[in-house]
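A short worksheet on the structure shown next.
The values are calculated or read from the model by the stated rules, or taken from the named source; none is laboratory data. Everything numeric here is computed off the predicted structure, so don't read it as measured data. Ideal geometry is used to build each Cβ from the backbone, glycine not excepted, and the neighbour counts take in all protein chains shown.
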Amino acid sequence: MTDFTNNTLDKKLSDRIKQLKETDIVVGVPTFNNEKTIGNILLNLGKGINDYYPNLKSVIINADSSSEDKTVDIASKTRLPKGIEFITSQYSGQKGKGSAIRTILEAARILDAKVCIICEADTKSVTPDWIFNLANPVLKSGYGFVAPYYIRNEHDAAINNSLAYPITRALYGLRIRQPIGGDFAFSNGVLQIFTRNKYWELYSNIYKFGVDIWMTTTALNEGFRVCQSVLGTKLHEENPQKEIAPMFMEITGTLFELMKNYEYRWRNIIGSIQGFIMGDFKFVEAERLRSNYDELLQKFYKGFNENKKIWKILFEENTHREFKSIMNSNSPEDLVLSIELWTKIVYEFACAYNFVPEAEKQAVLEAMLPFYYLRTASFTKEAQLFSDEIADVIVEGNCNVFERLKWYLFDRWDYYSERKGKISIKNKH
């Protein structure tokens with residue numbers, strides 16, 4: 001059982017688990033400073049369990065990352081339907097979203113849950129139906145992993161739309177629209193994989209925001225049946241303190257690390273197929289969000305001055321020449337990074353990350369970040385006159401480019417493989 005040792009469970013949670021012994025459904029809500037949303041989320045989740053699974057033994061677990069507001073107090077005082085157990089836990093160890101999710105997963109495994117559901121704590125649009133839509137594919141249809149399928153404003157999911165979705169689709173051949181959506185369901189079999197120590201020792205960023213892409217990628221490649229379930233619209237509580245840079249690097253670093261582990265898979269996949277979608281999907285316009293185009297461009301140009309020498313070292317000659325051409329032929333306010341060039345740049349950084357020395361991996365991610373800002377600004381410009389539905393069609397078309405240019409990934413990966421140990425950006429910028 002040492003494969004599953006997890007010292008992050010606090011005594012209160014461990015004692016409650018021993019008392020409960022086993023359960024059918026575990027619903028986990030990882031929190032950090034979510035006092036505005038946690039009460040409504042718990043009420044909706046409790047109602048969903050009571051409406052759809054009144055005869056199943058259920059537990060809701062709140063794994064909190066030392067919130068500095070009233071999140072834990074509000075969660076503890078929320079009245080749930082009779083018969084639903086509720087536990088709030090302060091885990092120990094490294095703080096982060098992934099650590100909180102690990103606590104929930106471990107608790108669900110020990111309780112031998114038939115299904116474990118994870119719901120994000122900053123969501124304003126949770127309904128009781130989410131419980132059924134996430135749990136039913138596992139309980140009734142035998143799926144191991146259920147990803148969310150919902151409408152999000154194009155600016156609310158920039159990392160997903162520009163990177164996580166297109167590269168996951170191109171690499172592993174299944175169209176999972178929200179691989180970092182944050183709301184998932186897993187079977188007991190998947191829990192046995194996700195709670196193994198070896199993964200938590202291997203991928204450092206899954207303790208934080210890298211956890212979602214790790215779970216999706218692992219499920220896709222470890223033989224589990226994967227589907228998507230319609231959840232309607234996803235609306236987040238606005239968080240002005242939310243920092244995009246560390247989130248981007250944690251997600252991207254995990255995504256790139258997984259490429260090394262699953263090279264044997266993506267090497268043999270061409271194109272993609274639509275992942276099965278449970279439920280009826282109807283497109284409606286999501287809450288409009290603004291993306292600050294000028295601020296994104298400023299961040300790019302700042303990064304340009306700091307990283308241009310690294311880019312020259314890493315990029316294939318023709319790709320670097322193409323990038324220089326768009327820099328020289330556009331005024332700063334009109335600069336646009338095409339999806340074709342963005343795809344090549346993503347593949348460049350994916351290869352470099354996997355072959356530079358370990359000490360340089362973080363610098364590679366930092367050098368990639370300015371291009372993310374530029375591509376996000378470019379998409380903002382491209383989609384500013386479009387509805388969410390049309391913008392979504394554009395995202396799907398962009399994914400086709402990642403698939404079409406997969407040969408570029410093969411070429412650059414092989415180039416780096418042949419030069420292993422000779423690639424470095426140290427002291428060159």
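The set of residues in segment 12-31 being under 14 Å from ASN188 (Cβ atoms) and in a strand (DSSP E or B) consists of ILE25, VAL26.
Condition check: outside any helix (DSSP H, G or I) and either touching a residue at least 12 places away in the same chain (Cβ under 8 Å) or touching a His at 6+ places or on another chain (Cβ under 7 Å) (or both). Does GLN178 satisfy that? So GLN178 fits the description; yes.
Results for (1) crowded, with 24+ Cβ neighbours inside 10 Å; (2) outside the structural domain of ILE118 (by TED's automatic domain parsing); (3) at pLDDT 95 or above, shown as yes or no for each residue.
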position	(1), (2), (3)
GLY173	no, no, yes
ILE176	yes, no, yes
SER187	no, no, yes
VAL190	yes, no, yes
ASN197	no, no, no
GLU201	no, no, no
ILE206	yes, no, yes
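Looking at segment 372-396, which of its residues are in contact with a Phe, Trp or Tyr (Cβ under 7 Å, 6 or more places away or on another chain) and either assigned by TED's automatic domain parsing to the domain that holds ILE151 or not β-branched (Val, Ile, Thr) (or both)? Across segment 372-396, the qualifying residues are TYR372, TYR373, LEU374, ARG375, ALA377, LYS381, GLU389.
Conditions (1) under 17 Å from ARG16 (Cα atoms); (2) in contact with a strand residue (DSSP E or B) (Cβ under 9 Å, 6 or more places away or on another chain); (3) touching a residue at least 40 places away in the same chain (Cβ under 8 Å), marked per residue:
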{"site": "ILE104", "(1), (2), (3)": "yes, yes, yes"}
{"site": "ARG109", "(1), (2), (3)": "yes, yes, yes"}
{"site": "ASP112", "(1), (2), (3)": "yes, no, yes"}
{"site": "VAL115", "(1), (2), (3)": "no, yes, yes"}
{"site": "ILE118", "(1), (2), (3)": "no, yes, yes"}
{"site": "ASP122", "(1), (2), (3)": "no, yes, yes"}
{"site": "VAL126", "(1), (2), (3)": "no, yes, yes"}
{"site": "ILE131", "(1), (2), (3)": "no, yes, yes"}
{"site": "PRO137", "(1), (2), (3)": "no, yes, yes"}
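Contact map, segment 244-259: first residue small (Gly, Ala, Ser), second residue outside any helix (DSSP H, G or I) and crowded, with 23+ Cβ neighbours inside 10 Å, Cβ cut-off under 9 Å, separation 6 or more or different chains; pairs are GLY253/GLY210.
Look through THR254, THR218 and report the one residue that is buried (at least 19 other Cβ atoms within 10 Å of the Cβ), modelled with pLDDT of 95 or more, under 30 Å from LYS36 (Cβ atoms) and not assigned by TED's automatic domain parsing to the domain that holds TYR353.
Numbers: THR218 fails: under 30 Å from LYS36 (Cβ atoms).
Checking each option against the conditions leaves just THR254.
Somewhere in segment 189-203, is a residue touching a Pro at 6+ places or on another chain (Cβ under 9 Å) and either on the phi > 0 side of the Ramachandran plot or not hydrophobic (A, V, I, L, M, F, W, C) (or both)? Taking every residue of segment 189-203 in turn, none turns out to be touching a Pro at 6+ places or on another chain (Cβ under 9 Å) and either on the phi > 0 side of the Ramachandran plot or not hydrophobic (A, V, I, L, M, F, W, C) (or both).
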